[in-house]
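Everything on this sheet refers to the single structure shown next.
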Amino acid sequence: MEKAEEKPAPETSMCEVTGPEFTGLDKTLKTATPTSHKTTRLVIVHGIGPQLPGHSERLQRNLIRSLGLDSIDPTVKTIAQKAPRDAKTTAPDVDLGSLRISRYANAQGAELLTFELTYASLLDDERKAIAFDEYGISAKARADLNISLKGLINSFTDPLAYGGTKGDAIRGSMLQALCWVGRGEWADYPTAAHEACAWQDTKRNVIHDDDIMISTHSLGSKVALDSLATLGTFRDSLGKDPKTRA
């Protein structure tokens, strides 16, 4: 007798977010004055596809133009993220994507720091596994409709991998980005680094005083929400660390 297939476990990570209405970046930045500095931090997370660092360049340009941030720091600080040695969700010291940090400001005392996360490289192996027929004779003989359908099907690779073996690594990438967000002021970030961020090194005044916002697209929305939920489970252990509370 053929054994009946087990039904997949139901999705249990559904959530509903409630709270005050989001008033936008413009309103929070306008609270700044020349004598009262105000920093807003924006984390940008991409969706499916082989995205590259710099994927949010157009978004950032449109934002700073509409927000009146006419002072652009010429340095874009780049951090090659890796898991800390005491990582709770991933293997220690593994690479976890890249983070690009940019700074924009104006004469009224408003400052916007953007943190562009790119985790797409963590899924390169999965994409390569299904790209074997995207070149050569196989690709040339494929009809236009077939090419479109294959592109659609291939786009499922990222969410499937996220729901499988690569979920921990991608959430770890997002958690590292959130950790770097709280590490300090613009001058405190290295121009280029390949290192992990420790939650014990985050600054209380940054988390308490600055507005921190997240812009996500597609799969990035689930990555962000799942990572925030995971961060919530760290609260007790972090709260017992005197350095974290300082």
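Readers should treat all values here as calculations from the given coordinates under stated rules, not as data from a laboratory. Here the structure is a predicted model, which means the values were calculated and not measured. In this analysis, Cβ positions are derived from the backbone assuming ideal geometry, glycine residues included, and neighbour counts consider all displayed protein chains.
So the values come out like this:
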| read-out | value |
| --- | --- |
| ARG65-ARG127 FRET efficiency (beta carbon distance; Förster radius 35 Å; 0.05 resolution) | 0.55 |
| Calculated FRET efficiency for the pair THR191/ASP211, C-beta based, R₀ 25 Å, to 0.05 | 0.50 |
| Surrounding net charge for VAL181, when Lys and Arg each add one and Asp and Glu each subtract one, Cβ distance under 15 Å | -1 |
| Net charge of neighbours whose Cβ lies under 11 Å from the Cβ of GLY47, counting Lys and Arg as +1 and Asp and Glu as -1 | 0 |
| Range of Cα positions in the range 26-107 per principal axis (Å), largest first | 45, 29, 23 |
| Two-site FRET efficiency, THR35 against ASP73, from Cβ-Cβ distance with R₀ of 25 Å, rounded to 0.05 | 0.70 |
| Entries in LYS77/LYS222; LYS88/LYS166; LYS30/LYS203; LYS77/LYS128; LYS82/LYS166 that, when Cα-Cα distance is taken, lie over 18 Å | LYS77/LYS222; LYS30/LYS203; LYS77/LYS128 |
